[in-house]
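Novice: Take this structure first; my questions come after.
The values are calculated or read from the model by the stated rules, or taken from the named source; none is laboratory data. This one's a predicted model, so the numbers in the text were calculated from it and none came from an experiment. Here the Cβ positions follow ideal geometry from the backbone for every residue, glycine too, while neighbour counts run over all protein chains shown.
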Amino acid sequence: MDFLLDEEHEALRESVREFARDVVAPVIADHYEHHTFPYDVVRQMGKMGLFGLPFPEEYGGMGGDYLALCLALEELARVDSSVAVTLEAAISLGAMPIYRYGTPEQKARWLPKLVSGEALAAFGLTEPGFGSDAAGMQTRAVLDGDEWVINGSKAFITNSGTEITALINVAAVTGTTADGGKEISTIIVPSGTPGLTVHPGYSKVGWCASDTHELSFDDCRVPAENLLGERGRGLAQFLRILDEGRIAIAALAVGLAQGCVDESVRYAGQRHAFGQPIGDFQAIKFKIADMQVRAHTARLAYYDAVARLLAGREFKQAAAIAKLHASDSAMANARDATQIFGGYGFMNETPVARFYRDAKILEIGEGTSEVQRMIIARSLGL
Ligand SMILES: Cc1cc2nc3c(=O)[nH]c(=O)nc-3n(C[C@H](O)[C@H](O)[C@H](O)COP(=O)(O)OP(=O)(O)OC[C@H]3O[C@@H](n4cnc5c(N)ncnc54)[C@H](O)[C@@H]3O)c2cc1C
């Protein structure tokens with residue numbers, strides 16, 4: 001058992017940490033305030049190879065593993081979560097389904113530009129009326145000759161409307177199973193396909209520099225060969241994609257939780273009250289100590305989940321535990337960091353205010369905390 005990172009992973013962590021400090025930190029507050037997408041930062045992340053971290057070199061990837069991706073997400077989120085979730089969604093939800101389930105032609109067509117960060121992909125699962133209960137989806141795709149005709153809508157889709165979005169992996173009902181249930185499949189819909197409408201970006205509480213849209217499909221036609229993987233395997237595909245994605249979201253949450261510690265330690269040393277730095281008060285020291293405990297234990301939880309994934313072992317329960325604990329930790333640390341900053345913590349210009357606004361979605365996206373508890377309870381036979 002080894003919780004220590006090897007040299008390669010340490011070097012990656014260090015270089016992403018520097019990138020977040022030198023490139024992301026100086027510009028992100030402005031993007032956040034104006035709800036603009038940080039194209040220049042994303043372009044530089046592409047140049048660094050971050051979008052190709054877990055993909056093989058034959059597609060232009062870095063040949064790294066899922067741990068490498070998690071470490072990069074953690075270090076980005078330590079400074080900013082909008083940038084981190086853009087990377088997370090682009091890889092876990094966008095490129096990974098194509099890498100895992102795509103035909104050689106689909107991989108050759110899409111992966112090189114997704115892996116380089118030149119283009120982004122999205123995953124359309126959630127609908128306005130169905131989120132946790134994703135299998136209740138109503139979006140339908142009907143085969144008409146050699147084309148799928150898609151009708152329906154999707155809600156809250158990350159990376160779906162940027163200038164560099166290349167495609168959306170759309171989960172849709174494509175028929176009825178032998179037992180009368182819904183046959184669900186995934187279909188690649190390239191951006192700009194007639195019949196696909198990308199609605200204006202949402203006004204969000206957090207992740208304000210990330211791209212999120214509602215989509216509608218109105219007799220949207222794509223070639224039959226845009227089916228991703230086997231027909232009828234959509235449910236199994238997205239359950240696997242979400243299990244993996246939860247580890248990535250846990251890493252992102254750990255980054256936010258650690259960022260709260262970083263900011264609190266710094267501020268506690270410089271802010272004075274009653275003639276001394278507030279960091280000299282035991283109440284503040286203990287609060288920060290508790291924050292570090294949460295960040296550390298949440299990190300160990302995602303290391304455990306990723307180790308199981310990489311070893312080819314069952315990791316569903318471990319991923320749900322990591323996501324649940326890390327998002328709880330991020331919320332608690334964001335609340336405490338804001339408290340330590342006092343009134344300044346309530347001002348949007350401070351990083352902790354951004355952490356506070358960004359933490360909540362971690363308990364909702366890619367499976368709510370209730371859904372994680374359902375998965376954990378089910379794995380215990382309950
Ligand atoms: C910023 C943002 C980005 C997103 N990006 C994407 C994306 O890229 N692709 C995508 O497909 N989706 C995306 N989502 C959607 C996200 O995954 C869903 O919001 C989430 O899964 C919850 O679904 P819902 O919002 O419909 O809530 P609901 O499912 O309606 O849940 C409402 C409440 O009921 C609870 N609940 C539901 N069922 C149960 C139950 N059986 N037992 C106990 N409690 C229950 C939930 O936990 C929650 O508290 C994004 C969402 C946001 C806000």
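Novice: When the residues of region 314-371 are filtered to those that are under 27 Å from L93 (Cα atoms) and among the aromatic types (F, W, Y), which remaining residue is surrounded by the most Cβ atoms within 10 Å (Cβ to Cβ)?
Specialist: It comes out as F355.
Novice: Of the residues in region 345-371, how many are near the ligand (Cβ under 9 Å from one of its atoms) and out of contact with any Gly (no Cβ under 7 Å at 6 or more places or on another chain)?
Specialist: Qualifying residue count for the region: 8.
Novice: From (1) out of contact with any Phe, Trp or Tyr (no Cβ under 8 Å at 6 or more places or on another chain); (2) over 17 Å from A172 (Cα atoms); (3) among the small types (G, A, S), pick out the condition that doesn't hold for S210.
Specialist: (1)
Novice: Okay, moving on. For residues in region 151-195 being hydroxyl-bearing (S, T, Y) and within 19 Å of R109 (Cα to Cα), which is farthest from the ligand (Cβ to nearest atom)? Don't jump to the end; show me each part of the working.
Specialist: Restricting attention to region 151-195, the residues satisfying the condition of being hydroxyl-bearing (S, T, Y) are 153, 158, 160, 162, 165, 174, 176-177, 185-186, 191, 193.
If we keep only those that are within 19 Å of R109 (Cα to Cα) as well, we get 160, 165, 186, 191, 193.
Working: S160: 7, T165: 11, T186: 11, S191: 15, T193: 18 Å.
Looking at residues that are hydroxyl-bearing (S, T, Y) and within 19 Å of R109 (Cα to Cα), I get T193.
Novice: Further question: Within region 26-64, how many residues are exposed (fewer than 14 other Cβ atoms within 10 Å of the Cβ) and under 14 Å from L111 (Cα atoms)?
Specialist: Residues that pass the stated criteria total 2.
Novice: Look at region 196-216 and say how many of its residues are away from the ligand (no atom under 14 Å from the Cβ) and outside any loop (DSSP other than H, G, I, E, B).
Specialist: Going through region 196-216 one residue at a time, the tally reaches 3.
Novice: Further question on the same structure: Scan region 114-158 for residues that are surrounded by fewer than 16 Cβ atoms within 10 Å (Cβ to Cβ) and on the phi > 0 side of the Ramachandran plot and jot them down.
Specialist: G145
Novice: When only residues in region 171-198 that are free of Cβ contacts under 8 Å to residues at least 24 places away in the same chain and of a type outside the set (A, V, I, L, M) count, which is surrounded by the most Cβ atoms within 10 Å (Cβ to Cβ)? Working first, answer last.
Specialist: Step one: list which residues in region 171-198 are free of Cβ contacts under 8 Å to residues at least 24 places away in the same chain, which gives 176, 178-181, 192, 197.
Narrowing further to those that are of a type outside the set (A, V, I, L, M): 176, 179-181, 192, 197.
Values: T176: 11, D179: 5, G180: 6, G181: 11, G192: 10, T197: 13.
Ranking the qualifying residues of region 171-198, first place goes to T197.
Novice: Now for a separate question. Exactly one condition in (1) under 16 Å from R246 (Cα atoms); (2) over 16 Å from the mean Cα position of the chain (by Cα) is false for A289; which is it?
Specialist: It fails just one condition, (1).
Novice: Quick test for you: out of E244, E225, E263, pick the one residue that is outside the structural domain of F315 (by TED's automatic domain parsing), in a helix (DSSP H, G or I) and either among the basic types (K, R) or in contact (Cβ under 8 Å) with a residue 60 or more places away in the chain (or both). Walk me through it before giving the result.
Specialist: Details: E244 fails: outside the structural domain of F315 (by TED's automatic domain parsing); E263 fails: outside the structural domain of F315 (by TED's automatic domain parsing).
After ruling out the rest, the residue left standing is E225.
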